[in-house]
Amino acid sequence: MFHDQPDIAPAPAKALFAAAEAAMRAIPPAFPLDATVAVNPFLGQTGEDLAQAAARLARVAGVRLTRNRADYAAMIATGEITASDLAAALAACPHPGKPAHGTALTALAHQDQPTPQALPTIADLAARATGTDWPAIIRRCLGLWAAGHFDRGQALWTPAPGSSAFAAWREWATHDLTPELAGLTGFCRHVANCPDTPGRALLRAAAALDLTAEAAETAFHRLLTDLGGWAQHARWLQWQAELAGDGDGTLADLLAIRLVWEEALLAHVPAVAPAWAEVLAAHAQPVTPDADLVADTILQQAAEMAYQRGLDTVLGGADTATSGDRPLLQAAFCIDVRSEPFRRALENQDTGIGTLGFAGFFGLPVEHRPAASDLTEARLPVLLPPRLRSSVPLPPAQDRQRRIATRSARALGRFRQAAVSSFAFVESAGPLYALKLLRDTLGLGRAHGTDPAPAFTPALSVDVKAATAAQVLKAMSLTKGHARLVLLIGHGATLHNNPHHSAYHCGACGGHPGDVSARLLAGLLNDPETRAGLPAHGIDLPADTLFLAGLHDTVTDRVTLYADSAGRDHEADIRRARDWLDRAGRQVRLERAARLPGASAASLSARARNWAEIRPEWGLAGCAAFVAAPRAVTACGNLKGRAFLHSYDWRADRDFATLELILTAPVVVASWISLQYYGSAVAPTLFGGGDKLIHNVTAGIGVVEGNGGTLRTGLPWQAVHDGERLAHAPLRLSVLVEAPRHAIAEVLARHEEVRALFDNGWLTLFALERGRITARWHRGSGWDEAGLARAA
Amino acid sequence: MPLSSLAPAVLLAAAAIALLRPGRRPQLIPLIAEGTALAALALCLAGAARFAFLGVGQGGGHDGSLVRLDVVTALVAPTVAFIGWVVVRYSRTYMDGTTREGWFHALMLMVLGLVLLQVQAGSLALLVPALAAIGLVLRQLLLFFPDRAPARRAATKFTLVWGAGDVALIMATGLLWLAYGTMDIATIEAAARLAPLPPAAEGAAGLLVLAALLKTAAFPLHGWLTEVMEAPTPVSALLHAGIINSGGLLLIRLAWLVQASPGGMAALVMLGGFTALFGALVMLTQSAVKTALAWSTVAQMGFMLLQCGLGLWPVAMLHLLAHSLYKAHAFLSSGGAIRAVQATRRPGPVATPGVGAVIRAFGLALALYSLAAVGFTLLAGPKSPQALALGLILVSGVAYLVAQGLADAAPRALTQRTLVASTAVTLSYFGLQALAVHAAGGTLPAPPVAGALEWALIGLTVTSFCGVAVAQALFPHWAHHPAAAGLRVHIANGFYLNAALDRLIGGFRTVRS
């Protein structure tokens, strides 16, 4: 947002600000890599469908939002996509320019689609006119400035804090001689003379560029995509500010900065004016997909329908009524797709084992302060603001000791980094690095101790304890039939030397491992005060039920159990559970190793310790479905680690409050994950994190490729591609919910933004009845039974 | 022939095998590559062991004309081979599934073999072509992503500077041939040791210094080194830990010749010292981990050249080895930078030492230095003024560590820990230097007797380094002052030397492809 936007402005200025606002909303936020979570890269385009978004992003970024036609043609040839899939996808397409019939569509699948070209910026036009690579120079200059401005402590000498991005950049750019050396004489003066607030700078540049309100939105969007990850980082700052009920002007600053460049280049190369006028005319045209883009999206939809067809046969219907026997063990896992194989394997160990799925923060929106740390971690889905606080209750002496240790290490680090002392460091400590090299190359010495159990700070009152516990148990559909031992298993990944480490952790825990949330909930549910208050909320927990937290390491498939408050009575139960978990882990490792290039079940643990490993595991690659239903619906099929499984029993959900929660929170988070993988796989240049081989960690927040330049966000190529083929089949998520259709429709009616995801095809919604797909959601018409393409 | 001289041949043979499968997932090639690198390490260790047990006392211990085994080889070759093994092993995992995986392994083995050849070369007839070949192979590695314009730009700069260094070397070789009628390094060294340099040899020494400056990325042509992050991480590790050493090694190999040229020595002190301070300052402002590491290499190589210029040859060799190990680890583990930054932020703000604390820190460091210097003088004999000057530079660095512990806000336990660390650093520094001097024996010349020129250079060096050290200790008090903002911009841009070079070679132009 532009903080300096005047309250009373002439209409054209207002329209320009509105266009800028819209362009900024079109940019997805990128979370810094210390705690990164998946973000829907099409967050700004959920109000339109894939074809429309494809047309928009083709214009502003020159990317395609679907796979190569050859991929679809191959799927048609192998019969993976059938003629009926094509026909159904064609019929469902609302665009007028679609192929007349299935044969025409198939023919198109065999033609190469044209590569879209982004509309040029003035920098592009100036490069063509002068032969000087202005876009690259801008990336380089802005990249160097932005890396310093957003630096969280990587460089020892960062710019003075406290300035807005625009003010800081003006200060920088009036001194930076690089543009002048590259030939843009007078740029420092140009910057010094430009208005000192972003809004006025934008208006002045817009006037110089002849930007009209009609052309401005995509023209601004074009410039913002040019800034790549820096714009997305600024959008994240805005996201965080808005979550706290505030605003942030950094993204507006970046737009203004980029416009100042355009203004200067137009003045430098006035000859591009006629070409620029044509570009503006193109920007002023409404965004509409052409026939090729429409055909691409129909083919993509056909591929999704093919998957959905298979899904229906896997589910195959089930009796969702629960049996009367008390289970031997219950284990709640995160809905993360990596839990599905593990749950399947664990259930295989004994018929008395039941598993359920729930978002890995276990319903506790906590801001957690780790031991000996001033930094807090928001261990909750990024859609929510934290409402509870927790910390690790270390004895003060121990806390101080740890802080001294980290501070000494930091002092040595600064000694290593600082100008003159770096020479002394190398000559005195350099030879020690031979040992470090040996240790790291052989993957030795990595054991970490376990912290004491976290606790709520301040402690919860008796009433809040019971109310929170009851709320979570209801949301988990875990209100009756408890086993003697109930495991609450979060997940995290052990890996080393990977800038994207947090991307492998639990998204529902804000890119952190799930141990803290699981241990907090286990502690809460075992608390006698909680137990005493639960009956008042209609939940009767057996006195002999023990909740035990655990952490599933998704690289090694080992589960650590935290026997924080376990008594003697449960020793045998815990021993048996550990045994089952070990055996399940072995089974999962076999299954997972088959998917990872060069891996064997035995080598997975070594991957976690290997500092050179760039494919430690596949993360959520492959994710394609979300099922909210009792486990019985999915228990008999193999979903191959591609499905988010959320336990949900609508019969126990009287006012459908849990259904509303599922559709508005976990489903949205899952859609972000699925679409991030989708975007990183189909448009890696715009939404992918680049090549891990040349990643250069920058500013403590992200990576650039090679020497510097634009921050790269999204998933690295190696996270979606195994070297030979995509490891993630880009499919938009299919959401299957076992609940009365009217109840689902009512929830959607109340939540416009969630409904838009379904209406515009970013997600596909199916209603289940007794484990069979019975209806599909369509924009406008709502539930449709006839349109189901059921396998014959 | 020592066993270590077989290492290059083994590596080059394995490279040839790797070339048979240049593509993705080349079956056994990565395994063969690591096995060969390990074998090369074993051979180099065997060579070093032979030198340690038999070599001393054979008057420098050289073996035949083409390869040579002396203390320098015995130390440098195993270090390079060790880093080579670590890097090749890393690449085995890291490069898995890349399009030109086999080609990558072939090039890495090739460049490693050539570096080991260059390290052991006993004759310029072998050394100079080996260096030129390293340039050719490294260029291919820098162009591993040939579609990236910055990669092509970096490769162009590298080839220009490295090639210029090769030309200087060829001319130097020619002049040495004129002067001494030989290309054998030991013969040239012996001649330079005994008699004043003839004019041709004087010119050769100057050209050698020039070649070393070019090949160690010294100011003002350092730009190529700060841009080579366009190649995969293992290339950076090997380049910064192995290949970049060749310039310094060249000087150390021909130390007697170089030291006989006071002009060359003065150039090394001035350009090396300036590069060291310049690179270290720029490094402070870099927010990208590999870029900061590259600037650090520029600085460290400058410092090593300064040590050569002061005649502290064994110390320069120690610096090369220590820096190689440190920098290889730093590059290979650079993916952990996100966590590292987070870890530094956890314990809260850094305690800033005030002016008083800084003065006390320098006093303490000086006391520590005096004690250590006296102690080591008693143990290992008197020190040259050059060595004492270098020690002063170290002390001003250690003062920074002490100052952090003396900051008012720092708890007592932290003060104690930093003092212990400072003592350990000082002792380790003097201990390692004494070891290096002892190991070098008579192979490398002692520092020249300080005349007026030497004293002036020593004074200049000590004042400038100590000045920067004081500024660095007081850094938080001025770094964010508005008056420093403009300076920071120029420093972050490396004073635009790279941009100027870009302009000269057309690096700003669009590339027609």
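Every number here is computed from the coordinates shown, using simple stated rules; none is lab data. On a predicted model such as this, the values are computed, not experimentally measured, just so you know. Here the Cβ positions follow ideal geometry from the backbone for every residue, glycine too, while neighbour counts run over all protein chains shown.
The table for this structure:
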item: Cα gyration tensor shape for the stretch A:546-658, rounded if a/c is under 1.5, else prolate or oblate; result: oblate
item: Selection from A:432, A:409, A:442, by position along the positive dipole direction of the stretch A:396-442 (Cβ); result: A:409
item: Alpha-carbon centroid distance for the pair the stretch A:667-741 / the stretch B:208-271, whole angstrom; result: 41 Å
item: Amide H within-cut-off set for residue A:646, under 5 Å, with H built and near neighbours excluded; result: A:627, A:628, A:629
item: Simple Cβ-charge dipole of the stretch A:32-112, Lys/Arg +1 and Asp/Glu -1, about Cα centre, in debye nearest 20; result: 260 debye
item: 10 Å Cβ neighbours from other chains, averaged over peptide B:302-308; result: 2
item: Three-way shape call for the stretch B:205-253 based on the alpha-carbon gyration tensor, with the a/c threshold at 1.5; result: oblate
item: Packing rank of A:480-489, A:775-784, where each peptide gets the mean count of other beta carbons within 10 Å, highest leading; result: A:480-489, A:775-784
item: Long-range HN-HN contacts of residue A:512 with modeled amide H, under 5 Å; result: A:506
item: Antiparallel DSSP beta bridges within the stretch A:308-435, as percent of all bridges there, nearest 5; result: 25 percent
item: For chain B, calculated [θ]222 nm from helices alone, where every DSSP H run of n ≥ 4 adds -39500 (n - 2.57); result: -24000 deg cm²/dmol
item: The stretch A:550-627: relative contact order in percent, alpha carbon pairs under 8 Å with at least 6 residues between; result: 29 percent
item: For B:195-203, mean number of other protein chain Cβ atoms within 10 Å; result: 0
item: Size of charge dipole - the protein assembly as shown - debye, nearest 20, with Cβ of Lys, Arg +1 and Asp, Glu -1, no other charges; result: 2240 debye
item: Under Karplus coefficients 6.51, -1.76 and 1.60, residue-wise ³J(HN,Hα) of the stretch A:145-153 in Hz, glycine/proline x; result: 5, 5, 4, x, 5, 8, 4, 9, x
item: Peptides A:722-730, A:196-204 ordered by average Cβ neighbours within 10 Å, highest first; result: A:196-204, A:722-730
item: Of all DSSP beta bridges in the stretch A:698-792, antiparallel share, percent nearest 5; result: 65 percent
item: Karplus-derived 3J(HN,Hα), 6.51/-1.76/1.60, for each residue of the stretch B:117-128, Hz, glycine and proline x; result: 5, 4, 4, 9, 4, x, 9, 5, 5, 9, 4, 5
item: Gyration tensor (alpha-carbon) shape descriptor, the stretch A:396-442, a/c threshold 1.5; result: oblate
item: Cut-off under 5 Å, modelled amide H: who pairs with residue A:336 long-range; result: A:360
item: DSSP beta bridges in the protein assembly as shown [antiparallel fraction, %, rounded to 5]; result: 45 percent
item: Sum of side-chain charges, residue A:395 neighbourhood, beta-carbon under 15 Å (Lys, Arg +1; Asp, Glu -1); result: +1
item: Separation between Cα centres of the stretch A:148-185 and the stretch A:205-260, rounded to whole Å; result: 18 Å
item: Within-9-Å neighbourhood charge of residue A:490 [Cβ basis; K, R +1; D, E -1]; result: 0
item: Estimated 222 nm signal from helices in chain A, with DSSP H stretches of n ≥ 4 weighted -39500 (n - 2.57), rounded to 500; result: -14000 deg cm²/dmol
item: Summed residue charge, Cβ within 11 Å of residue A:712's Cβ, Lys/Arg positive, Asp/Glu negative; result: -1
item: Unmatched cysteines, chain A - criterion: no other Cβ of a Cys under 4.7 angstrom; result: A:93, A:141, A:188, A:194, A:334, A:623, A:636
item: Relative contact order (%) - criterion: Cα under 8 Å, at least six apart; region: chain A; result: 17 percent
item: A:574, A:614 arranged by Cβ crowding within 10 Å, fewest neighbours leading; result: A:574, A:614
item: Cα long-axis angle, helix A:433-442 against chain A (0 to 90 degrees, to the nearest 10); result: 60 degrees
item: Crossing angle, helix A:396-417 versus chain A [Cα axis fit, 0-90 degrees, rounded to tens]; result: 30 degrees
item: Per-residue HN-Hα couplings for the stretch A:591-604 [Karplus 6.51, -1.76, 1.60; θ = phi - 60°; Hz; x = Gly/Pro]; result: 5, 6, 4, 5, 8, 8, x, x, 9, 10, 4, 6, 8, 5
item: Chain B: relative contact order as a whole-number percent, Cα under 8 Å and 6+ apart; result: 13 percent
item: Folded to 0 to 90 degrees: helix A:250-268 orientation relative to chain A principal axis, Cα; result: 30 degrees
item: Ordering of B:215-227, B:378-390 by packing [mean C-beta count within 10 Å, highest first]; result: B:215-227, B:378-390
item: The stretch A:1-59 versus the stretch A:323-350: alpha-carbon centroid distance in Å; result: 42 Å
item: Residue mean of other protein chain beta carbons inside 10 Å, A:170-179; result: 5
